[in-house]
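Notes for the one structure printed next.
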Amino acid sequence: MTAEAPTVTVRIPTPLRAYTGGADELLVPGRTVGEILASLGQTHAGLRERVVDEHGAVRGFVNLFLDSRNVERLQGAATPVSEGAVLSIIPAVAGGASPRGRP
Amino acid sequence: MIRLPTHLRRDLEQVVGAAYPSESCGVLVGQVRAANGRDGQPHTEVVRFVQLANLEAERAGDRYTMDPDGLLAADEAARAARLEIVGVWHSHPDHPAQPSATDRKAAWIGWSYVIASVGPSGVTEVRSWRLAGEQFVEEPLQ
């Protein structure tokens, strides 16, 4: 018998709550970060694409944290998750007065 | 419309002035009230601001990249207080308080972007912007 997938809390930042009907947190099942994001994509159209690209890689303007650890420093989308963990979607923030393209 | 209390604006200007000539940055924490007023725009109430490290060590004079770990901590603290990150603030040393192409590249719809123009004598201008489609639109800053 296959054990049920753990359920984690996914924290949604303000800019992405349009995809969740305003919800700031979702309970999502999955065994890995990738499965969590896939589950999100099935229930909230458009959200997954804002977080990962067509190859499943986390987009450069997003950071994913599993509890307090950046998923990029773990196993990326293959990072296993445990019951009750918190996956935070944190927008990458950058900018400045420098015009785009200026070396 | 975004409401930034006078004491917060004063404190923010001090932080920005102290960081000059480097760009300083951080997030705004508060609440967004749904658009139900005459103007049909959301109203953002800023309760506090958080300064975060600018990771642009070599280009800090005209660029900023916020520390992701600091962003996570700010998000967690906001949620614990039943608040949320409602926007971003950063400074433009010797440059107008208007979004640049660099600002536009990494901007997110749904957040306010407060920009403070700062020079040797301190902050000269503070303006707030929101992304509407592909363009920044200025929003009233009270």
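The values are calculated or read from the model by the stated rules, or taken from the named source; none is laboratory data. On a predicted model such as this, the values are computed, not experimentally measured, just so you know. Cβ placement follows ideal geometry from the backbone for every residue including glycine, while neighbour counts extend to all protein chains displayed. Remember, those area values only see protein heavy atoms, side chains included, never the ligands or the DNA or RNA. Shrake-Rupley method; radii C 1.70, N 1.55, O 1.52, S 1.80 Å.
Numbers for the structure displayed
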read-out	value
Chain A: angle of helix A:33-43 to the longest principal axis, Cα-based, in degrees nearest 10	90 degrees
Candidate residues A:59, A:11: accessible-area rank, largest first, probe 1.4 Å	A:59, A:11
Shielding by other protein chains, B:106-114, mean Cβ within 10 Å	5
Residue B:138 accessible area, assembled protein chains, probe 1.4 Å, Å²	80 Å²
Area accessible to solvent at residue A:39, 1.4 Å probe radius, in Å²	30 Å²
Inter-chain shielding of B:72-78 (mean C-beta neighbours from other protein chains, 10 Å cut-off)	4
Simple Cβ-charge dipole of the stretch A:37-102, Lys/Arg +1 and Asp/Glu -1, about Cα centre, in debye nearest 20	340 debye
Residue B:7 accessible area, assembled protein chains, probe 1.4 Å, Å²	90 Å²
Computed lengthening from residue B:33 to residue B:76, 0.36 nm per intervening residue step minus Cα-Cα distance	13.4 nm
R0 of 41 Å, Cβ-Cβ distance residue A:57-residue B:7: FRET efficiency to nearest 0.05	0.40
Dipole magnitude (debye, nearest 20) for the protein assembly as shown, charges at Cβ of Lys, Arg, Asp, Glu	340 debye
0 to 90° range, to nearest 10: angle between helix B:6-19 axis and chain B longest Cα axis	20 degrees
Values of log10 I(q)/I(0), in the order q = 0.09 Å⁻¹, for chain B under a Debye, Cα-only, solvent-free model	-0.24
Spacing of the two label points (7 Å from each Cα toward its C-beta) at residue A:49 and residue B:109, in nm	1.2 nm
The protein assembly as shown, accessible area per residue, ligands and nucleic acids excluded (1.4 Å, Å²)	48 Å²
Computed E for residue B:58/residue A:86 - FRET, C-beta separation, R0 41 angstrom, nearest 0.05	0.75
Simple spin-label estimate for residue B:121 and residue A:68 in nanometres, 7 Å along Cα-Cβ	4.5 nm
Gyration tensor (alpha-carbon) shape descriptor, the protein assembly as shown, a/c threshold 1.5	prolate
